[in-house]
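The values are calculated or read from the model by the stated rules, or taken from the named source; none is laboratory data. Everything numeric here is computed off the predicted structure, so don't read it as measured data. No Cβ is skipped: glycine too gets one built from the backbone with ideal geometry, and neighbour counts run over all protein chains shown.
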Amino acid sequence: MKSTDSMMLETAHSPILCEISRHASRNSDKIALVSGTERVTYRQLSSRILAAAAYLRSVGVKSGDRIVLSAQKELNFIYFYLAAHYTGIVNVVVDPTSQRDRLDYILGVVNPALVMGNRLSVDGYRCLSFDEIDLNEGAEADIQPATVHRTDVADIMFTTGTTGTPKGVCLTHANIAGSAGNTNAFIGTQEGDIEALALPLSHSFGLGRLRCVLMTGAALVLVGNFANLKSFFSVLEAEHVTGFGMVPAVWQYIKRLSGRRIAKFADQLRYVEIGSASLPVEDKRLLMELFPKTRLCMHYGLTEASRAMFTEFHADAGNLTTVGRPSSPQVEVCVLDDYGKPVPDGVDGELCVRGNMVCRSYFLPQDNENAFWGDWFRTGDWGHRDTDGYFYLTGRKKELINVGGEKVSPVAIEKAILSLGIEDCACVAVPDPSGVLGEVPKAYLKRGRCTMSIDDIKARLTTLLPTHEIPVQWEWVDSIPRTASGKIQRLKLKQ
């Protein structure tokens, strides 16, 4: 066996690989990954990344090429994902459950040199299955890193396309390391932590948690998903888990099926990261009650500007409606008007972000039109800042409803409707039937156990909303379309 020194991942371009290498050298037998009964040390992780890098080169994939990786929650995905970084190959990470039209669109845009993933076979492209590759033999292959720079693209992540065609987000090695560093600095993930990952690796949140844990030298336990709560709770107990991440939809699922049982882990869990969609204030208070000593951290950010802001529920207990403040000194957030000029505190405008984690660009040139004001990335979110530096969201700029010149947030209407006991709802802009106001709100409602009529709901809203914000049109539906992370897909309601 070769010495550990021969398996180092030292690179000039990837801070994450450098940290993994440091952990492998300093604490080689520490567990990095757990998948079922298999436990992978940092030394083994380093070795298998190099073996995966050698494999990619052996099949003819070279630095600068793009490969599509189906983000299955298994060890070989992680090895090849990180090996691509080592060799200067660009990862295009896709959801293994992607609809065929989305996958075909992504493939057509990026033209990959290779497609990797179990049960992912597409005509016209070279495809390899993770199951067919054994990296245990020759795991200490001697292979040198590519000559690339921190500002070169490491990953291309495609947006969920809630407001149009998915966009390819180009994230550099510096971007993904910056996001992980900012997040770890805020949450406080440490080398001794053991994190359960039940989030999908195909989205920015789950993949970000992978990078955060490995960068700190902590241990990551791969869990299928949250569907089997008994199994998830067993992992928390058996592995002595100290942290995990979840989206608000998962919390609703846990709350509905397990009640307060998760509180048994209150003394064990040091942190929980929440993100990707909004969470009602009452749920934030409930989590604070169940986890009085746990850092309950909720992030704001897009794939293009991951973890731009954070709030911690206990520290911000008196201000639970905010999306937080910048996650680190490396991040700046401002509010600009339609002309790219700053607006005063308290005045709504577009939230714009710049910092070490903001994407370099979109992959297609046309997607970059109006994406930046100088070096400020335009989030497309509408909101404001208060005098203490906290930021608040009103809604998506493209989804604001222009009622006779008044910009109305669908989110504000939805919150008011939900407060009446409606199970779920979504509001969109529709043409004013009278032809006077231009646009008016339309509400789609999922009834659930609610027995109120539309007239009852409208009457009660008169005490909660201004007249021009009360929906003019209403429709009962079986469900509200949402992404996997819980975001409302308003375009589907307007089709």
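Taking the conditions exactly as written (in a loop (DSSP other than H, G, I, E, B), small (Gly, Ala, Ser), in contact (Cβ under 8 Å) with a residue 24 or more places away in the chain and over 24 Å from Asn182 (Cα atoms)), does Ser47 satisfy them or not? Break it down into steps so the answer makes sense when it comes.
On the way: in a loop (DSSP other than H, G, I, E, B): no; small (Gly, Ala, Ser): yes; in contact (Cβ under 8 Å) with a residue 24 or more places away in the chain: yes; over 24 Å from Asn182 (Cα atoms): yes.
No.
Tell me which residues, restricted to segment 273-294, are outside any loop (DSSP other than H, G, I, E, B) and under 27 Å from Ala426 (Cβ atoms).
Those that are outside any loop (DSSP other than H, G, I, E, B) and under 27 Å from Ala426 (Cβ atoms): Glu273, Ile274, Val281, Glu282, Asp283, Lys284, Arg285, Leu286, Leu287.
Inside segment 225-245, can you point out the residues that are crowded, with 21+ Cβ neighbours inside 10 Å and of a type in the set (Gly, Ala, Ser)?
Gly243, Gly245
Would you check if Phe377 is farther than 22 Å from Pro344 by Cβ and at pLDDT 95 or above?
No; evaluated as a whole, the condition is false for this residue.
Starting from residues that are in a loop (DSSP other than H, G, I, E, B) and surrounded by 19 or more Cβ atoms within 10 Å (Cβ to Cβ), keep the ones in segment 124-139 and report whichever is modelled with the highest pLDDT.
The extreme case among them is Leu135.
Go through segment 305-329 and report how many residues are farther than 17 Å from Ile187 by Cβ and touching a residue at least 60 places away in the same chain (Cβ under 8 Å).
Applying the first criterion (farther than 17 Å from Ile187 by Cβ) to segment 305-329 yields 305, 317-322.
With the extra rule that they be touching a residue at least 60 places away in the same chain (Cβ under 8 Å), the set shrinks to 305, 319, 321-322.
The qualifying residues number 4.
State all residues of segment 246-272 that are surrounded by 21 or more Cβ atoms within 10 Å (Cβ to Cβ) and closer than 18 Å to Gly217 by Cβ; if no residue qualifies, say none.
The one that is surrounded by 21 or more Cβ atoms within 10 Å (Cβ to Cβ) and closer than 18 Å to Gly217 by Cβ: Tyr271.
Among the residues of segment 85-134, write down those that are out of contact with any Lys or Arg (no Cβ under 7 Å at 6 or more places or on another chain) and small (Gly, Ala, Ser).
If the condition is that a residue be out of contact with any Lys or Arg (no Cβ under 7 Å at 6 or more places or on another chain) and small (Gly, Ala, Ser), then Gly88, Ser98, Gly108, Gly117, Ser121, Gly124, Ser129 are the ones that fit.
Failed condition for Ala177, given (1) among the small types (Gly, Ala, Ser); (2) farther than 25 Å from Glu304 by Cα; (3) modelled with pLDDT of 85 or more, with all others met?
All conditions pass for Ala177, except number (2).
Looking only at segment 165-183, decide whether some residue is touching a Cys at 6+ places or on another chain (Cβ under 6 Å), assigned by TED's automatic domain parsing to the domain that holds Asp95, under 19 Å from Thr294 (Cβ atoms) and buried (at least 21 other Cβ atoms within 10 Å of the Cβ).
yes
Checking the conditions here, which among Val68, Val40 is in a strand (DSSP E or B) and surrounded by fewer than 22 Cβ atoms within 10 Å (Cβ to Cβ)?
Just one listed residue meets the conditions, Val40.
Could you look through segment 295-330, keep only residues that are of a type in the set (A, V, I, L, M) and in a loop (DSSP other than H, G, I, E, B), and pick out the one that is nearest to the chain's Cα centre (by Cα)?
Restricting attention to segment 295-330, the residues satisfying the condition of being of a type in the set (A, V, I, L, M) are 296, 298, 302, 305, 308-309, 315, 317, 320, 323.
Those left that are additionally in a loop (DSSP other than H, G, I, E, B): 315, 317, 320, 323.
Working: Ala315: 23, Ala317: 24, Leu320: 21, Val323: 15 Å.
Applying the filter and picking the extreme gives Val323.
Which condition breaks for Ala315 when tested against (1) modelled with pLDDT under 95; (2) under 20 Å from Pro248 (Cα atoms)?
(1)
Residues Glu439, Glu475: which one is among the acidic types (Asp, Glu), surrounded by 13 or more Cβ atoms within 10 Å (Cβ to Cβ) and outside any loop (DSSP other than H, G, I, E, B)?
On inspection, the qualifying residue turns out to be Glu439.
So, in segment 330-363, how many residues would count as being touching a residue at least 60 places away in the same chain (Cβ under 8 Å) and surrounded by fewer than 13 Cβ atoms within 10 Å (Cβ to Cβ)?
Kept after step one, since they are touching a residue at least 60 places away in the same chain (Cβ under 8 Å), are these residues of segment 330-363: 330-331, 355-363.
Now restrict to residues that are surrounded by fewer than 13 Cβ atoms within 10 Å (Cβ to Cβ): none.
Summing the residues that are touching a residue at least 60 places away in the same chain (Cβ under 8 Å) and surrounded by fewer than 13 Cβ atoms within 10 Å (Cβ to Cβ) in segment 330-363 gives 0.
Is there a residue being free of Cβ contacts under 8 Å to residues at least 60 places away in the same chain and under 22 Å from the mean Cα position of the chain (by Cα) anywhere in segment 51-68?
Yes, segment 51-68 contains a residue that is free of Cβ contacts under 8 Å to residues at least 60 places away in the same chain and under 22 Å from the mean Cα position of the chain (by Cα).
For segment 207-250, name all the residues that are farther than 20 Å from Pro15 by Cβ, assigned to a helix (DSSP H, G or I) and in contact with a Leu (Cβ under 7 Å, 6 or more places away or on another chain).
Of everything in segment 207-250, those that are farther than 20 Å from Pro15 by Cβ, assigned to a helix (DSSP H, G or I) and in contact with a Leu (Cβ under 7 Å, 6 or more places away or on another chain) turn out to be Leu229, Pro248.
Determine if segment 315-333 includes at least one residue that is in the same structural domain as Ile176 (by TED's automatic domain parsing) and touching a Pro at 6+ places or on another chain (Cβ under 6 Å).
There is at least one residue in segment 315-333 that is in the same structural domain as Ile176 (by TED's automatic domain parsing) and touching a Pro at 6+ places or on another chain (Cβ under 6 Å).
Look through Cys359, Cys352, Cys334 and report the one residue that is more than 19 Å from the chain's Cα centre (by Cα) and modelled with pLDDT of 95 or more.
After applying the criteria, what remains is Cys334.
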